[in-house]
Every structure is written in structure tokens, then in C-alpha cells.
Amino acid sequence: MDELLTMSSKELTRLEVMQRLKDKRLTQKEAARILGISTRQVKRLWQAYRKQGAKGLASRRRGKPSNNRLDAGVIQQALDLIKEKYADFGPTLAHEKLTEVHKIPLSRESVRRIMIEERIWKPKRAKRPPTHQMRERRACFGELVQIDGSDYAWFEGRGPRCSLLVFIDDATGQLLELWFVPHESFFGYCEAARHYFEHTGKPVAFYSDKHSIFRVNQAQIIGLGPGLTQFGRAMQALDIQIVCANTPQAKGRVERANQTLQDRLVKELRLRGISDIEAGNAYLPEFREDFNHRFAVHPRSTYNAHRPLLKTENLDLILTHQKTGTLSKNLTVQSNKFIYQIQSDRPDYALRNAQVTVCENAKGEVTILYKNKPLSYTIYHKPARQAEVVDIKTLDRQISTPKSPPPDHPWRTYGHHLNGKPIQDTLPNGSD
């Protein structure tokens, strides 16, 4: 009875070539070219075929365990760690943690296979990438820096929802600055930019979206003045250009970085038990260094386009909210509901109608500049408004509900109250 022999398609191709060699329809050199192997290997196959027939071409390892198979104990150890700590991690990130933290010698594809077999991770069908106009990376480090803010639950409910400000270099993909802020604001971007300028330098240009922090979006306002936002004015003073993208896809590098951060950074914060903005900002430099080590690429040019801060560039004044005003004949200027009285030794007429700049920082501290020199001042509060005439439709909006006095208010210590409660509430029923 004939023996049933199992062969792969590769082995069947070899069998067909050996039969043609036997019929002298091929030379060994031609057979080697067809099979993509050396002539010496063809001679070995021919000898095996002559002695054992088709059986000599079949693999002797078929049906036996591989010599390179993974140790069952290692697989179980990795599986236990994945289920305990990294259940929602992707295979790539889980592999990094297993090899770097737990020193388990597994390849990334082995971790992927284990997670798929245990149904911990489900492979996704690759989507057809959308077609966008190709834009090559900039050549120099610091030539173009993409900036964006990502509002996300970075602490997964352990802390408040906040925004992460991301600065990424277009040429290398390096994260140049990461900074947690409660929400995107002018002072938040100024604080992140200060850190970036101090440890790296000034870039040639920032590439952002059309957020009102970077661009004046109201057409009727653009024609009335310089058309600069506070952030735009500050960057202009530092000789940094701001370029706004038309679509999110145009600044795809920072958009993709946000998606990666929303996966990797969230999990790193969880592993370290970080649940507030202050602790998160303290950890970000370490995360940024590790991220750049893994994903940054070399630029086409070795030239560093970053420029150092000049001694004349005072960030404490440049990165403030500035407003230009004119001094009255009484040497006062109004800003943000306050009236500032200038104190000066020079005659009053010397400063009347002078143009001054009111600079307010994130802490609310105000500096008034005249010809780039600070002026002394005192604060004069606006007087209270007199009684207003309102109609019935706006009456409810004008009248505010009185608030309960605080616990330490003197009213609570009067004789008709005891420990913040009326005495009648503390007496037994029927008592006077």
C-alpha cells in the first residue's frame, strides 16, 4: 500500500524540478536558478531524491516541535503580567514594558501573537490611508515647530481633565516641550514657550491651527489695527514667525503625536500613580527624553536653526498681556476695570497724553512702561455705579440672590445665634 506523504508547495516545486533533472530536461545549473538556491544545494537534493524518492525532499521536522519554540514558563509569566498590568496596552507598548521593566526575552511579534490568542488584543483591519498632498519634512532642526493643545482625560478620572500643550520639531519629530495646563490660554502657551526657549532656543517659525490665541479670526477687527493677538505680538518681539494651517491634516505631525501621547502618556501616568497637573509636569521631561530616543529621526541637514535668547529680550515683559493707553491730564490710565495713577517727580505736563503700555503677567502683577522704562503708580479703584434704571425683562438678571455669610462672619456670634444656628433650633421643644 502506498504511503501518504504530506508536502508543502515549496517541496512540490522541488519534486517537479528533480523529475525534470531525472529526464535530463534540465541541467543542475538551470535547476539552481529556478529554485533560487546554489548548485551545491541542488546536488544535495538530487542525491536525496535518488536514494529516497519524493520522501527525501520532504522536511524531517514536520510534525515535531520547533527547536526555537518559546519556553512555556516564559509565556505564562508574560501572560500573567499582561493581564495584571498591561491589559489595555497595545502589543508594541506591552513588549517594551516586558523587555525593559521585567527583562522577559520576547519579540514584539511573539507578544502580539500571545495577546491575540488570549483575546486580550484584537487586530484591526488596516484602513486605506486618505490621500493628502505630500509635504517633505523641513531640512533643519528648529526651522519649523508645530504647536497644538490636546484636551483629554489625561489622568483617567483620578484628576481633573486638562490640556497638554505639545511642541514638536518638523524636521526630526522630537518633542521639544510638553506642558499640562487647565485649558488652552495665552499665559499657558507663554509658560510652555518660556521653558522651550530657555532649554533649546528660539525657532524660526511656529506652525499652529487657527485658534484665537494665534490668529485674529474676526474680519472686522483685522483692518482696525495690526491684526496681532497677544501671542502673535510676543512672538513678533522675539522674531519668531507664526504660520497657521488651513486644515488639521496640514499639521499632521503634531496631530499624530497627540494620538500617540493619548495612548502612551496616559498609561505611563497610570503606572506611576500621577493624578494631578503639578506631578504630571514634573514627570514630562523624563517622558519626553524617552519618547525622543525611540521615535526621533535625523534631519537632512546638521545645521541647528535655533537661536539663543538675546540679553535685550526680557521674557518677563514680552510674555505678558499688553495694552496701550494714553495718560490723561491727571496722569491716570485705565485697564481691566482699574485706574492707575502715575507717580512721577517730573512735571505733570511732561507726561500728559503720553503713550504707555500696561503689562500684566499671569499672576496679575502690572507693570506700566513709558519708552520701555517702568513707571511708579498707585491703584485707584473705579467708583461704584449709581442706581440704574432697568425694565421688567432685565430685573431678574440685575438682582442677585444674597449669599449666606461665611462661617466666621461676626453675625454668627451674635446672641440670637449659637455655633452658626439660630437659638430656637438648639432649644428643646416647648422652651422659650
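Under 11 Å from the Cβ of HIS183, count the other residues' Cβ atoms, weight Lys and Arg +1, Asp and Glu -1, and hand me the total.
Taking every Cβ under 11 Å from that of HIS183, the sum is -1.
Give me the Kirkwood hydrodynamic radius of the range 1-132 in Å, from all C-alpha pairs, to one decimal place?
19.0 Å
Within the range 145-295, what percent of beta bridges assigned by DSSP are antiparallel, to the nearest 5?
Approximately 70 percent, going by the DSSP bridge assignments.
FRET efficiency for SER8 and ALA87, Cβ-Cβ distance as r, R0 = 30 Å, nearest 0.05?
The value I calculate is 0.20.
What nm distance separates the two modelled labels at ALA362 and ILE116, each placed 7 Å from Cα along Cα→Cβ?
Distance between label points: 4.6 nm.
Using alpha carbon centroids, what distance separates the range 314-359 and the range 231-247, in Å?
26 Å
Among the trypsin sites (Lys or Arg not before Pro) in the range 104-182, which ones are in a DSSP loop with at most 16 other Cβ atoms within 10 Å of the Cβ? Mind listing them?
ARG119, LYS124, ARG125, LYS127, ARG135, ARG137, ARG158, ARG161
Three principal axis extents, largest first, for the C-alpha atoms of the range 84-123, in Å?
24, 18, 13
Grab the other residues whose beta carbon is less than 10 angstrom from that of SER59, score K and R as +1, D and E as -1, and report the net.
+4
What do you get when you divide the Cα radius of gyration of the range 9-57 by 2.2 N^0.38 Å, with N the number of residues?
The range 9-57 yields a ratio of 0.98.
Under a plain spin-label model, where a point goes 7 Å from the Cα along Cα-to-Cβ, how far apart in nm are GLN341 and THR378?
Going by the 7 Å Cα→Cβ label model, 0.4 nm.
Where Lys and Arg each count +1 and Asp and Glu each count -1, what net charge lies around ASP276 among other residues with Cβ under 14 Å from its Cβ?
Result for the neighbourhood of ASP276: +2.
We did not get these values from a lab; they are worked out from the coordinates using the rules stated. Just so you know, these numbers come straight off a predicted model, no measurement behind them. A quick note on method: Cβ atoms are made from the backbone with ideal geometry, for glycine too, and the neighbour counts reach across all protein chains shown.
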